[in-house]
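*Asks:* Take a look at this one; I'll ask things after.
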Amino acid sequence: MSGVLYLVATPIGNLGDISPRAAATLAGADFIAAEDTRVTLKLLNHLNIKKPLVSYYEHNRLESGEKIVARLLGGESCALVTDAGTPAVSDPGEDLVRQCAQRGVEIISIPGPCAAVAALAASGLGSGRFAFEGFLSTSRRSRAERLDELKDERRAMIFYEAPHKLRRTLSDMLAAFGDRRVSISRELTKLHEETLRLTLSDAAALFEEKEPRGEFVLVVEGRAPEKTGAANLADALTEMKRLMAEGSSVKDAARIVSEATGAPKNALYEAAISESGGA
Ligand code: SAM
């Protein structure tokens with residue numbers, strides 16, 4: 001009977017984020033396949049685990065993958081880790097999972113840190129539905145094409161970015177999407193962690209002045225649904241009525257709905273008064 005491939009998520013900065021189950025899986029596997037064995041060795045030392053390591057990274061993935069699959073088919077179990085976060089998410093692993101699935105090897109995910117999910121959760125930007133985009137291409141043309149394809153995407157979009165490309169990415173996004181809200185999470189789980197919630201134009205201006213440093217995840221608001229002014233107002237008034245039924249004053253309801261929708265507060269106030277037949 002073949003062994004199991006465990007996909008083990010590891011910390012994206014803070015070693016305290018390793019889960020007891022992840023540590024137990026690393027300790028229990030016959031061997032560990034790692035993106036960079038030196039990085040993983042630090043984690044194993046922290047956990048006091050000694051385990052044979054093999055290297056599995058972008059440029060040896062086919063050859064190394066075959067060897068790993070052969071060992072799995074021979075009955076050994078393997079824990080796959082990358083330098084940080086969840087394997088196979090903008091990281092090596094997808095091919096190994098596919099190879100294992102084709103050969104009937106059981107695959108078990110040991111969930112844990114993932115920069116995309118951590119940033120999305122903190123973004124405040126429509127996390128109910130989202131699109132994970134990972135890294136944009138480094139080629140100017142395919143970046144521009146991809147951003148153009150995404151301009152009508154309604155869901156929030158998550159991008160990974162390296163610090164030295166952040167400025168260009170922000171200005172390319174501004175050109176493709178127009179000014180939208182963006183949440184920029186930097187150095188998640190680390191000492192200098194921060195999440196900035198601003199607009200693409202403000203972000204571009206900020207990072208023109210300030211040198212981008214560290215690791216970044218960008219969550220960009222999707223395209224707002226187009227509505228006629230009348231439909232917008234009708235929705236806003238419905239929401240105001242709901243708030244007023246719950247005890248809000250007209251003034252408070254107008255303020256809350258205005259903040260949530262961007263509709264002018266005074267117009268909402270007056271529309272609500274005139275609809276209720278007031279002065
Ligand atoms: N598989 C990983 C995961 O699940 O998060 C992602 C690996 S990808 C090669 C590395 C990218 O993830 C970085 O360039 C950055 O965009 C993002 N990232 C990783 N760690 C991060 C952190 N601590 N804070 C912010 N972004 C991070």
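*Asks:* Among the residues of the stretch 113-144, write down those that are away from the ligand (no atom under 15 Å from the Cβ) and surrounded by 13 or more Cβ atoms within 10 Å (Cβ to Cβ). Give the steps one after another, and end with the answer.
*Replies:* Taking the stretch 113-144 and keeping what is away from the ligand (no atom under 15 Å from the Cβ), we get 124-129, 131, 139-144.
Selection gives Gly124, Leu125, Gly126, Ser127, Ala131, Arg143, Ala144.
Listed here are the residues, each with its yes/no results for (1) over 24 Å from Ala116 (Cα atoms); (2) more than 16 Å from the ligand (Cβ to nearest atom).
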{"site": "Gly13", "(1), (2)": "no, no"}
{"site": "Ala22", "(1), (2)": "no, no"}
{"site": "Thr25", "(1), (2)": "no, yes"}
{"site": "Leu47", "(1), (2)": "yes, yes"}
{"site": "Tyr56", "(1), (2)": "no, no"}
{"site": "Leu62", "(1), (2)": "yes, yes"}
{"site": "Leu80", "(1), (2)": "no, no"}
{"site": "Ala84", "(1), (2)": "no, no"}
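*Asks:* Now a separate question. Which of the residues that make up the stretch 261-278 are part of a helix (DSSP H, G or I) and either touching a strand residue (DSSP E or B) at 6+ places or on another chain (Cβ under 6 Å) or crowded, with 17+ Cβ neighbours inside 10 Å (or both)? Before you say what the answer is, go through the steps one by one.
*Replies:* Residues of the stretch 261-278 part of a helix (DSSP H, G or I): 261, 265-275.
Leu268, Tyr269, Ala271, Ala272 - these are the residues of the stretch 261-278 that are part of a helix (DSSP H, G or I) and either touching a strand residue (DSSP E or B) at 6+ places or on another chain (Cβ under 6 Å) or crowded, with 17+ Cβ neighbours inside 10 Å (or both).
*Asks:* Do we have Ala162 as near the ligand (Cβ under 10 Å from one of its atoms), under 23 Å from Pro92 (Cα atoms) and either surrounded by 14 or more Cβ atoms within 10 Å (Cβ to Cβ) or among the β-branched types (Val, Ile, Thr) (or both) here? Break it down stepwise before answering.
*Replies:* Details: near the ligand (Cβ under 10 Å from one of its atoms): yes; under 23 Å from Pro92 (Cα atoms): yes; either surrounded by 14 or more Cβ atoms within 10 Å (Cβ to Cβ) or among the β-branched types (Val, Ile, Thr) (or both): no.
For Ala162, the condition - near the ligand (Cβ under 10 Å from one of its atoms), under 23 Å from Pro92 (Cα atoms) and either surrounded by 14 or more Cβ atoms within 10 Å (Cβ to Cβ) or among the β-branched types (Val, Ile, Thr) (or both) - is not met.
Every number in this text was worked out from the coordinates using simple rules, so none of it is lab data. Note that the coordinates shown come from a computational prediction; the quantities given were computed from them, not determined experimentally. Don't worry about glycine lacking a Cβ; one is built from the backbone with ideal geometry, like all the others, and counts go over all protein chains shown.
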